[in-house]
Each structure stands twice: as structure tokens, then as C-alpha cells.
Amino acid sequence: MDHGRTTISVVVPFYNEAAGVEAFFARLFSVADAMPDYEFDVVAVNDGSTDVTLARLLEARERHGRIHIVDLSRNFGKEAALSAGLDRARGEAVIPIDSDLQHPPELIPDMIRRWRAGAEVVLARRNDRVTDGPLQKFAAGMFYRMHNVIAETKIPPDVGDFRLMSQEVVEVLRGMPENRRFMKGLFAWVGFRSEVIPYDVAPRLEGKSRFNVWKLWNFALEGITSFSTVPLRVWTYIGAVTSLLALVYAAYIVIKTIFFGTDLPGYASLMVGVLLLGGIQLIGIGVLGEYIGRIYGEVKRRPVYVVRKEFTVER
Ligand code: UDP
Ligand code: MG
């Protein structure tokens, strides 16, 4: 930290992004070099890439300096990789950004300006999900709507991990004890004075998204179960309504039998009732399982990520 310049930490997760490493740093540092009043420190997290990402990162570190590399022992997922980066981000402002150049580094000067003007968090909101297919768009829309109806912590739609946070905000995030980290939710939970700036999301530099449908579905479940107990509590009410209906039906059957005797048929209605209730009960148990699985994950208190090796910034 020389000449009292303000330090900005940029946190970047890399998972099999070898082909894009140099292009990413070229763009990032061309933005950084145009802001001589600030010193940019990069924390690059190699999230267990199976390609030559690490070698490319080391080359970039030779060429540009100011890159701190954290090499994780395996793929821990983007949320864990971000946590590893945030734990090491010492700048007065911290900016998590994707390494595939979908998040334009050119937005950074504007973010810093807003932060200087008093915002503690500056959120980048994607203008349009132009790079998403119609199904992805629909699913994302549904997720935000549903999440925000049932969860206490509302997450602003179309705001991802690309943002600027002051060191105080990151300090709070670092102190959060949970192992399973749904970053979007945690970011929203901490609060602070936020401002939003819109940006146009770019297509991926190369390759395709590291997230498939199943990963995204689990990600959505993670989000909802991390920030809401509504799916747990709703069963009390479903049970109450079902019992009430059953009681009314029971009264009807008893009265009918007293006055008209019994006429044995009823196989169809019996089957429907048994199967329907069985299904509902299984769903209820499944929801319990989702939460218990997460409690299990938390109580084990395993670390969020494991570092194989760190290459700190040379000066
Ligand atoms: N990423 C990661 N670990 C993973 C998956 C992704 O560190 O297990 C990184 C990836 O290298 C990229 C960012 O997270 O920098 C976003 O990933 P991607 O572009 O695949 O996701 P999308 O943009 O589709 O949300
Ligand atoms: Mg991407």
C-alpha cells in the first residue's frame, strides 16, 4: 500500500477459465491503470480447475504483479470460492467480479465514484437477460418472485455478485458463521446503504456457463431454505385444512351409514384418498429432509473451502 493510495480489492473466482485468463486481466488492468489514484489488488481464486487455469494465473501474476492467487484443493463451488476471496480482500472497497467478462470491468470507475459519494454498497444490475434463453429468463423471474414472497430477506432481482462493498460490509460477511453460503442472500441480509447502477451483461467470453439446470435448481433451493422457514411451517396449515375436510367427510359417512346402511362400493374414492394423502405426506417429509440435511451440513462445522497453496502479491 504505497503513497497512501486507496486500495481496491477485486475478487475473481476461476473455474476452468484458462482460455480467458489473459483477456480478463488485460481488460481489468486497462481500467485500473486509468485510475492512478487507486491501487488495485486482485484476489484470484482457482476453484479446483481441471485445466491449466492455475498456470495461466501464475503467468498473469508474473506479467502484471498485484495478483494474489488462492488455489483451492478441489472445486468447492462459486459461493465458497467467493468466500475464500473475500476472506483475503484487504482493500477499502471490495469488488467481486466474474472471470468470464460477463461483468464489464469498465463499470468499476462508476462504482468507485458512487462509493466515494457515500454508498456503502454499489450493486450492478443487469439490464436485460439477453444472454439467457427464454426458459432461463422465466426460471430466474420465478425464483426471485417466489423467494421474495416467502423469505424475510428480499433480494433485488437481476443483481448478481458483481458489486462494490466497503471493507466494513465485507467484515460483516467474513464474520457470518454459516458454512453454506448463499451469497446473494447474505449480501442482501447485511443491509447498508446501497445504490444500483445498471449495466449490459455481455455474452460469455468463451465456453459455456459452469452451471447446469440441476445445479441451478439446487442453488434456488439453497436460497429459499437459507432465508425462509415458510416451506417448513406451511405443513401445519395444510394438515389443519386436510383434517378439517376429513372430519366433515367422516360426519357425512357416519350419518349416511346410520340412515341408509352401508353399500360397500367406494374402492375408487378410497384409493384416491390414500394416494393423495400419501403423496402430500411424502412431500412434507421431503421438505423436512431438505432442512434437516442443511442443519446436518451446518453442525458438522467443516470449513467452507480448503486452500492448497497461496501465492501472495509481490511488491
Ligand atoms: N465459478 C467458480 N466455481 C464454480 C462455477 C463457477 O468459481 O464451481 C466461477 C466461474 O469461473 C465464473 C463465475 O464463477 O468466473 C460465474 O460462472 P459462470 O459464468 O459459469 O456462471 P453464470 O455466468 O452462468 O452465472
Ligand atoms: Mg458467466
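In the stretch 93-150, what residues are of a type in the set (Ser, Thr, Tyr) and either open to solvent by 80 Å² or more (accessible area, probe 1.4 Å) or away from ligand 2 (no atom under 14 Å from the Cβ) (or both)?
Let us first name the residues in the stretch 93-150 that are of a type in the set (Ser, Thr, Tyr), namely 99, 131, 144.
Selection gives 144 alone.
Against the definition (at pLDDT below 80 and over 23 Å from residue 12 (Cβ atoms)), how does residue 141 come out, yes or no?
Against the criterion (at pLDDT below 80 and over 23 Å from residue 12 (Cβ atoms)), residue 141 does not qualify.
Where residues in the stretch 63-76 are part of a loop (DSSP other than H, G, I, E, B) and at pLDDT below 90, which of them is farthest from residue 7 (Cα to Cα)?
Among residues in the stretch 63-76 that are part of a loop (DSSP other than H, G, I, E, B) and at pLDDT below 90, the one farthest from residue 7 (Cα to Cα) is 65.
Residue by residue through the stretch 283-297, note down the ones that are over 19 Å from residue 230 (Cβ atoms) and at pLDDT 85 or above.
Initial filter on the stretch 283-297 (over 19 Å from residue 230 (Cβ atoms)): 296-297.
If the condition is that a residue be over 19 Å from residue 230 (Cβ atoms) and at pLDDT 85 or above, then 296 is the only one that fits.
Kindly indicate whether residue 10 is of a type outside the set (Gly, Ala, Ser) and within 23 Å of the chain's Cα centre (by Cα).
yes
In the stretch 151-187, how many are open to solvent by less than 10 Å² (accessible area, probe 1.4 Å), over 19 Å from residue 228 (Cα atoms) and in a loop (DSSP other than H, G, I, E, B)?
So the count comes out to 0.
Would you tally the residues in the stretch 34-62 being open to solvent by 20 Å² or more (accessible area, probe 1.4 Å), within 16 Å of ligand 1 (Cβ to nearest atom) and assigned to a loop (DSSP other than H, G, I, E, B)?
Final tally of qualifying residues: 4.
Looking at the stretch 226-247, which of its residues are open to solvent by less than 50 Å² (accessible area, probe 1.4 Å), of a type in the set (Ser, Thr, Tyr) and either part of a loop (DSSP other than H, G, I, E, B) or within 25 Å of residue 98 (Cα to Cα) (or both)?
226, 228
Give the residue, chosen from 291, 296, that is under 22 Å from residue 79 (Cα atoms), open to solvent by 70 Å² or more (accessible area, probe 1.4 Å) and not in a strand (DSSP E or B).
296
Can you confirm whether the stretch 51-60 contains a residue that is among the β-branched types (Val, Ile, Thr) and within 15 Å of residue 15 (Cα to Cα)? Full working, then the answer.
Within the stretch 51-60, the first condition is being among the β-branched types (Val, Ile, Thr), and the residues that meet it are 52-53.
Add one more test, that the residue is within 15 Å of residue 15 (Cα to Cα), and what stays is 52-53.
Yes, the conditions are met somewhere in the stretch 51-60.
Quick check on the stretch 209-221. Is at least one of its residues touching a helix residue (DSSP H, G or I) at 6+ places or on another chain (Cβ under 8 Å), away from ligand 2 (no atom under 16 Å from the Cβ) and among the aliphatic types (A, V, I, L, M)? First the steps, then the outcome.
At the first step, the residues of the stretch 209-221 found to be touching a helix residue (DSSP H, G or I) at 6+ places or on another chain (Cβ under 8 Å) are 210-211, 216, 220-221.
Within this subset, residues satisfying the condition of being away from ligand 2 (no atom under 16 Å from the Cβ) are 220-221.
So of that shortlist, the ones also among the aliphatic types (A, V, I, L, M) come out as 220-221.
Yes, some residue in the stretch 209-221 is touching a helix residue (DSSP H, G or I) at 6+ places or on another chain (Cβ under 8 Å), away from ligand 2 (no atom under 16 Å from the Cβ) and among the aliphatic types (A, V, I, L, M).
Residue by residue through the stretch 77-96, note down the ones that are within 11 Å of ligand 1 (Cβ to nearest atom) and part of a loop (DSSP other than H, G, I, E, B).
Correct list: 77 only.
Have a look at 215, 208, 154 and point out the one that is touching a Gly at 6+ places or on another chain (Cβ under 9 Å) and free of Cβ contacts under 8 Å to residues at least 40 places away in the same chain.
215
Select from the stretch 23-32 the residues that are farther than 18 Å from residue 164 by Cα and over 26 Å from the mean Cα position of the chain (by Cα) and write down the one among them that is least open to solvent (accessible area, probe 1.4 Å).
26
Given 174, 181, which one is away from ligand 2 (no atom under 16 Å from the Cβ) and at pLDDT below 80?
Unique residue meeting the criteria: 181.
If I go through the stretch 188-217 residue by residue, how many of them are within 12 Å of ligand 1 (Cβ to nearest atom), surrounded by 12 or more Cβ atoms within 10 Å (Cβ to Cβ) and either closer than 19 Å to residue 144 by Cα or hydrophobic (A, V, I, L, M, F, W, C) (or both)?
Selection size over the stretch 188-217: 6.
Might you let me know whether the stretch 238-251 holds any residue that is small (Gly, Ala, Ser) and either within 19 Å of the chain's Cα centre (by Cα) or within 16 Å of ligand 1 (Cβ to nearest atom) (or both)?
Checked against the condition, which is being small (Gly, Ala, Ser) and either within 19 Å of the chain's Cα centre (by Cα) or within 16 Å of ligand 1 (Cβ to nearest atom) (or both), the stretch 238-251 yields no hits at all.
Given the conditions (1) among the charged types (D, E, K, R); (2) in contact with a Phe, Trp or Tyr (Cβ under 9 Å, 6 or more places away or on another chain); (3) within 21 Å of residue 5 (Cβ to Cβ), and given that residue 113 satisfies all but one, which numbered condition is not satisfied?
(2)
The values are calculated or read from the model by the stated rules, or taken from the named source; none is laboratory data. Keep in mind the model is a prediction, meaning the values are calculated, not measured. Methodologically, a virtual Cβ is constructed for each residue, glycine included, from the backbone with ideal geometry; neighbour enumeration extends over all protein chains shown. Side chains included, ligands, DNA and RNA excluded: accessible areas come from the protein's heavy atoms. Shrake-Rupley method; radii C 1.70, N 1.55, O 1.52, S 1.80 Å.
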